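Take a look at the structure set out below.
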Amino acid sequence: MALERVQRSLARAGYGSRRASEDLIREGRVRINGRVASLGDRVDPQTDVVEVDGGRVVTDPDARTFALHKPAGVLSTLDDPQGRPDLTAYLPTDTRVVPVGRLDRDTEGLLLLTGDGELANRLMHPSFGVEKEYLAEVDGAPTSKQLAELRRGVKLEDGMATPRSARVVDAAGERAAIRLVLAEGRKREVRRMLQAVGLPVRRLVRVRVGPVRLGTLPAGELRELGGEELGALYRAPGR
């Protein structure tokens with residue numbers, strides 16, 4: 001790919017107009033491959049590492065990232081040999097992306113899709129410990145003992161599972177909503193943890209991955225992440 005002025009790359013990545021991007025450069029907030037950028041510098045958007053305020057900027061125009069509200073009943077795969085509903089109906093048509101991790105078939109909520117291999121690796125690798133937040137509707141009225149068991153950690157067949165936080169956010173009769181934050185993503189982990197303490201899950205929604213929130217995005221809809229959110233995602237791992 002041809003070299004281009006760094007302010008053009010910044011503007012395309014979501015950091016405002018070219019003039020606003022030039023201001024970032026003048027203020028010394030932009031680095032190219034580790035050195036402070038200057039006006040007039042050119043970059044290869046596919047190979048050079050550009051940072052603003054220490055956060056990685058995705059300058060490759062082909063490396064787009066989206067947030068999808070995955071509906072319940074849809075597999076987090078691009079192809080299913082059994083013909084069950086998968087992600088193909090929800091993918092953007094003008095760029096190649098892959099899902100970052102998975103949500104099980106019955107779980108809905110935030111699923112990130114990206115063409116940026118480095119970002120995908122950082123978000124999925126357990127060593128980075130990126131937080132995932134879930135809202136679980138459970139049968140039963142959670143007791144203080146059950147919540148204490150959750151917070152201490154639950155022994156599952158594949159090892160201990162310990163959330164970073166677990167709290168009741170709503171309760172009515174024999175149902176309740178529990179908000180859990182985890183730093184890993186084993187298969188059906190949230191469901192298995194809650195089942196183990198006697199709180200079977202009726203509905204499970206992932207509402208956050210790192211700094212990116214599901215918000216009011218309707219089920220089955222996509223939104224593209226801008227420069228600030230992508231920079232925050234790059235900074236989120238390793239905290």
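The values are calculated or read from the model by the stated rules, or taken from the named source; none is laboratory data. Because the structure is a prediction, the values reported are computed rather than measured. Quick reminder, even Gly has a Cβ in these numbers, built from the backbone with ideal geometry, and neighbours come from all protein chains shown.
Tabulated data
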item: Set Arg167, Arg203, Arg188: member being basic (Lys, Arg), on the phi > 0 side of the Ramachandran plot, more than 15 Å from the chain's Cα centre (by Cα) and outside the structural domain of Ala89 (by TED's automatic domain parsing); result: Arg188
item: Hey, Arg56 among the charged types (D, E, K, R) and touching a residue at least 60 places away in the same chain (Cβ under 8 Å) or not; result: yes
item: Output for the stretch 141-158, where each listed residue is crowded, with 18+ Cβ neighbours inside 10 Å and hydrophobic (A, V, I, L, M, F, W, C); result: Leu150, Val154
item: Where a residue in the stretch 19-43 is more than 16 Å from Gly54 (Cα to Cα) and its partner, wherever it lies, is assigned to a loop (DSSP other than H, G, I, E, B), with Cβ under 8 Å and at least six apart; result: Glu22/Leu39; Arg42/Leu3; Val43/Leu3; Val43/Thr59
item: Sole residue being of a type in the set (Gly, Ala, Ser), under 30 Å from Ser17 (Cβ atoms) and crowded, with 19+ Cβ neighbours inside 10 Å, chosen from Ala236, Ala166, Ala232; result: Ala236
item: Residue pairs meeting the criteria (Cβ under 6 Å; at least 6 apart or on separate chains; first touching a residue at least 40 places away in the same chain (Cβ under 8 Å) and within 14 Å of Gln195 (Cβ to Cβ), in the stretch 148-173; second hydrophobic (A, V, I, L, M, F, W, C) and not in a helix (DSSP H, G or I)); result: Glu149/Val197; Leu150/Ala166; Leu150/Val197; Val154/Ala161
item: Residue satisfying condition, being touching a residue at least 60 places away in the same chain (Cβ under 8 Å) and either closer than 30 Å to Ala11 by Cβ or in contact with a Pro (Cβ under 8 Å, 6 or more places away or on another chain) (or both), within set Glu184, Glu224; result: Glu224
item: Members of the stretch 27-52 found to be of a type in the set (D, E, K, R) and surrounded by 12 or more Cβ atoms within 10 Å (Cβ to Cβ), listed by number; result: Arg29, Arg31, Asp41, Arg42, Asp44, Asp48, Glu51
item: Complete set of residues in the stretch 1-44 that are of a type in the set (A, V, I, L, M), part of a helix (DSSP H, G or I) and within 19 Å of Ala232 (Cβ to Cβ); result: Leu10, Ala11, Ala20, Leu24
item: Single residue of Ala136, Ala120 found to be assigned by TED's automatic domain parsing to the domain that holds Met193, closer than 25 Å to Glu221 by Cβ and of a type in the set (Gly, Ala, Ser); result: Ala136
